[in-house]
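Each reported figure results from applying straightforward, stated rules to the coordinates on display, with no laboratory input. Everything numeric here is computed off the predicted structure, so don't read it as measured data. We place every Cβ from the backbone using ideal geometry, glycine too, and count neighbours over all the protein chains shown.
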Amino acid sequence: MLSEKLAIALNEQMNREFDSAHAYMAKAAFCEYKNYNGFAAFYLEQAKEERFHGMKIYNYLNDRGVRVSFRDIKAPEANYDSLLDTFKQALDHEKEVTKEYYKLTDLAMDEREHATISFLNWFLDEQVEEEASFDSHIEYLTRIGGDKNALFIYEKELGARQFNDTQDA
Ligand code: MG
């Protein structure tokens, strides 16, 4: 049985994952508006991945006999100076998410809730990947700079990526 405190914290984290999905949709909309359709497609896939994260917690809470509750989705920050800025903001956001998972894991450890610690480990690994991936996108986009041909190729490559929830990512 999960403590009420831990159940509430996990439920909030589930809601935050749905907030994240919304935040990526806002980035997709910006890219769409600027005619960066490949990058828009990338952000829409990223939104799917965030919903998958939310549902992973939803399923865990259900398995543990907790009644899940939903709150309002937070309106995302949607002021971007440039395409690169969307990636920088995404990296900052993912760093905040990582901190949230650290706090949750601390709580599960304080309560010696071993099953939840194990469950959260997946998210800690996932956050390392998320941060590394945005870090490299920023690095590439910075290196590409004003090179339109290179940007075209990079956009095409990123836009072709599809989130596949069967790979458990
Ligand atoms: Mg996530």
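Quick notes on this structure:
- Extended-chain gain in nm, criterion 0.36 nm per residue less alpha-carbon gap, ALA160 and GLU111: 13.3 nm
- Förster-model FRET efficiency, 22 Å R0, GLU139 and HIS22, C-beta, rounded to 0.05: 0.25
- Phi angles of the stretch 93-102 translate, via the Karplus equation with coefficients 6.51, -1.76, 1.60 and θ = phi - 60°, into HN-Hα couplings of 4, 5, 5, 5, 4, 4, 4, 4, 5, 5 Hz per residue; Gly and Pro are given as x.
- Taking other C-beta atoms within 10 Å as the exposure proxy, HIS114, HIS137 rank HIS114, HIS137 from fewest upward.
- Under Karplus coefficients 6.51, -1.76 and 1.60, residue-wise ³J(HN,Hα) of the stretch 105-120 in Hz, glycine/proline x: 5, 4, 5, 4, 5, 4, 8, 6, 8, 4, 4, 6, 4, 5, 4, 6
- For the stretch 54-62, Karplus couplings with θ = phi - 60° (6.51, -1.76, 1.60), whole Hz, Gly/Pro x: x, 5, 5, 6, 3, 5, 5, 4, 5
- Semi-axes of the equivalent ellipsoid for the stretch 54-160, Cα gyration tensor, largest first, Å: 35, 16, 13
- Evaluated over the stretch 1-129, the count of Lys pairs having alpha-carbon atoms less than 21 Å apart is 22 (only pairs 8 or more residues apart or interchain).
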